[in-house]
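This report refers to the structure that appears directly beneath it.
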2 protein chains.
Amino acid sequence: MVSRVQIELLTTGTELLLGTTQNTHGAWIGQRLLRMGLRVARQVTVPDGEAVGRAMGIALEEGEVLIVTGGLGPTSDDLTRESLAEVLGLEMIEDEAAMRTIEEFFASRQRVMAQANRKQARAPVGADILANPNGTAPGLYLPPVLSGSFNCAVFLLPGPPRELYPMFESEVVPRLQAMSGIEKVPEFVELKFAGIGESDFHQGVDDRLDAIPGLEHGYCARPGEVDLRLIGSASSIREARKVVAGTFSEELVSDDGSNLEKVIVNLLVEQGRTLAIAESCTGGLIASRCTDVPGSSSVFRYGFVTY
Amino acid sequence: MVSRVQIELLTTGTELLLGTTQNTHGAWIGQRLLRMGLRVARQVTVPDGEAVGRAMGIALEEGEVLIVTGGLGPTSDDLTRESLAEVLGLEMIEDEAAMRTIEEFFASRQRVMAQANRKQARAPVGADILANPNGTAPGLYLPPVLSGSFNCAVFLLPGPPRELYPMFESEVVPRLQAMSGIEKVPEFVELKFAGIGESDFHQGVDDRLDAIPGLEHGYCARPGEVDLRLIGSASSIREARKVVAGTFSEELVSDDGSNLEKVIVNLLVEQGRTLAIAESCTGGLIASRCTDVPGSSSVFRYGFVTY
């Protein structure tokens, strides 16, 4: 069930390591790839600057595809383009079409283009320029042949989500699909449980899940809750669900990604019943989680926090 | 201004790469270290299983401190302890005291301990066991001498935040403080701007900020907003603020981490004024951001979404 393409993800940005910005690219890209039957083998985050080039070197050694986000901006700490050219020994040139697009981006917004933006049109010789309708930084795609002995395809993508997401969809997804040749995407099911611990699963079903051919399974535990992740063929997942249902049917919360509070609220809506909550140690957390569910206003009456 | 200790962070967990769980450890640990004058040099995320050992090998090569989160649970995909022992060629033994603590954890909750939990008491010979009052997985600390030629201190910490955070505070922070010998933590200021782009900074102030001795600066851009990060001595930060204030005083939103909506709501509260919002393309986003600010209920009157 391991994907056929070794994908390395390099997210760059000092703010991600200082913790002033949450790194959400990993989860977003991971979910998008999962729907294509692919996955990230390793994600690395390094600060802006010279660490980017070194991290690229390591990723190129092992990856068949390297996706890099961030560092395509116009300021002095944006060095992703230059670092890649250096690591691969490629010459950089100013791409005329890219330069025109950047100029038009500013002109259409009646803004003056800063001289610094010129460097955003520079690209290693032979790279494809990936259009960015939502910002000034074009992305870059280098087919495997450009990386020489590494034989690794490279995508350089902008960091801001509203530029990254559409570019990933229009430029990265089709290229990865062609590359991977996956026709049948394995199924993915997440079963959520409450009231049992991870070790109950180990004792109760782990061996039997291990024995199912073509199935990959894993756990994620939170206080009072466990998610069981199943990836594989339709038949292997059917078999796994049977094993689990026979042992932990009482504790099963959902099989469609719905969390505990969503299941509770939906049940109440269905049955036309209402909810009042009195809580102490949790200080409003239960009420907060329940009222976060869309549609909860029709069932939620009162919350009493007696902290 | 680069911290004196090379800290490598390895976050493990297949769910982090599949994107079903958001990886928040990097930001939390980054912020905590920043307050000590330290920072993460590189963060790597790998799936559960054999990738953990290989990632440890790479991190040990470069790091003086390696912090690993996750994979200390009782199930078959929890292999962090075993992987470390294998990479370092250390023998694993069952720690009697750790075993007793785990047994007591279950006894105090009137639960039966699963046989699988026994492996959570195993540790490489010579390692310090780090108590976990909030779960069954004890952490581990290996002083540099145990890692042989790597000469790298290693922390193995549990993945769940409510187990990780207190253990980090009580066990990791004091050891890192002793190791780093930092007496004077550099200051950190984040200036938030709205209505200008990153390239305006490059053109307007970047060179002058670069020229300030002992100052490190960087940018993080979002649509319509730019954060400028300043790290350094009190005097270098004072000088940088003067440079920026002289050029972009109109666009400055805050210097204490407050976002745009918080500044707006606080100004309205101070002046006893109220807020009504009519928005179209943003579909309620402006209202949502404003009502997310604590205290906004006293100023927010109406939001009209005319989508």
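In chain A, what percentage of the DSSP-assigned beta bridges are antiparallel, given to the nearest 5?
On the way: 27 of 48 bridges.
Rounded to the nearest five, the antiparallel share is 55 percent.
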Taking the Cα atoms of the protein assembly as shown, what is the range of coordinates along each of the three principal axes, in descending order and whole Å? 69, 61, 58
Partner chain Cβ atoms within 10 Å, averaged over the residues of A:104-114 - can you pull that number for me? 2
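Let me check I've understood the local charge: for residue B:52, count other residues with C-beta under 12 angstrom from its C-beta, Lys and Arg +1, Asp and Glu -1. What total comes out? If you can, show how the numbers build up before the last one.
On the way: positive: A:42, B:54, B:81; negative: B:48, B:50, B:77, B:78, B:82, B:86.
Spelling it out: positives minus negatives among the neighbours equals -3.
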List every residue whose amide H lies under 5 Å from the amide H of residue B:132, counting only residues 5 or more places away in sequence or on a different chain, with H placed 1.01 Å from N in the peptide plane. B:139
What nm value, rounded to one decimal, do you get for the distance between residue A:149 and residue A:108 when each label is placed 7 Å out toward the C-beta? 4.4 nm
Reduced to Cα centres, the span from the range A:147-215 to the range B:1-59 in Å works out to 20 Å
Partner chain coverage, peptide B:220-233 - average Cβ within 10 angstrom: 3
Less than 15 Å Cβ to Cβ from residue A:115, Lys/Arg counted +1 and Asp/Glu -1: what total charge do the surrounding residues give? -3
For the pair A and B, the solvent-accessible area buried on both sides (1.4 Å probe; DNA, RNA and ligands excluded), in Å² to the nearest hundred, is 4500 Å²
Surface share of carbon and sulfur [accessible, 1.4 angstrom probe, percent] for chain B: 51 percent
In chain A, what residue has the beta-carbon at the shortest distance from the axis of the rotation relating A to B, and what is that distance in angstrom, rounded to the whole number? A:44, 3
Nm distances between the label at residue A:285 and the same-position labels in the remaining copies, 7 Å along Cα→Cβ, shortest first? 3.1
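Summing -39500 (n - 2.57) over the DSSP H runs of n ≥ 4 in chain B and dividing by its residue number, what mean residue ellipticity at 222 nm do you reach, to the nearest 500 deg cm²/dmol? Before the final figure, lay out each step's value.
Details: 12 runs with 110 residues, N = 307.
Result for chain B, helices only: -10000 deg cm²/dmol.
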Would you please give the residues with an amide H less than 5 Å from that of residue B:122, counting only those at least 5 places away or on a separate chain, with H modeled from the backbone geometry? B:95
Sorted shortest first, the nm distances from the residue A:93 label point (7 Å along Cα→Cβ) to its counterparts in the other copies are 6.7
If the cut-off is a Cα-Cα distance under 20 Å, which aspartates and glutamates reach residue B:262, setting aside same-chain residues fewer than 8 apart in sequence? B:190, B:225, B:227, B:250, B:251, B:270, B:279, B:292
Consider just the alpha-carbon atoms of chain B and return their Rg together with their Dmax, both in angstrom. 24.0, 68
Give me the distance in nm between label points sitting 7 Å out from Cα along the Cα-to-Cβ direction at residue A:54 and residue B:276, one decimal. 5.9 nm
May I have the pair-distance distribution P(r) for the range B:260-305, computed from all Cα-Cα distances with 5 Å bins from 0 and rounded to whole percent? 5, 26, 34, 22, 10, 2
Calculated from backbone phi, Karplus (6.51, -1.76, 1.60) coupling profile of the range B:183-196 in Hz, x at Gly/Pro: 9, 10, 6, x, 7, 9, 10, 10, 9, 9, 10, 9, x, 9
Dimensions of the range A:7-180 along principal axes (Cα, Å, largest first)? 43, 34, 31
Exercise: per-residue mean of other protein chain Cβ atoms within 10 Å, A:73-84: 4
So, in nm and shortest first, the distances from residue B:104 to its counterparts in the other copies, with label points 7 Å along Cα→Cβ, work out as 7.1
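Excluding residue B:179 itself, calculate the net charge of residues whose Cβ lies under 11 Å from the Cβ of residue B:179, where each Lys or Arg counts +1 and each Asp or Glu counts -1. Please list the in-between numbers first.
Numbers: positive: B:4, B:175; negative: B:64.
After counting each charged neighbour, the total is +1.
Per residue, how much accessible surface does chain A expose to a 1.4 Å probe? Answer in Å², no decimals.
Values: 13990 Å² over 307 residues.
I get 46 Å² per residue for chain A.
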With a cut-off of 20 Å, note down the residues of the range B:38-57 whose backbone N falls inside the zone around a label point 7 Å from the Cα of residue A:182 toward its beta carbon. B:45-51
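The values are calculated or read from the model by the stated rules, or taken from the named source; none is laboratory data. Predicted model, so just to flag it, every value in this text is computed and none were measured. Ideal geometry is used to build each Cβ from the backbone, glycine not excepted, and the neighbour counts take in all protein chains shown. For accessibility, only protein heavy atoms count, side chains too; no ligands or nucleic acids. Shrake-Rupley method; radii C 1.70, N 1.55, O 1.52, S 1.80 Å.
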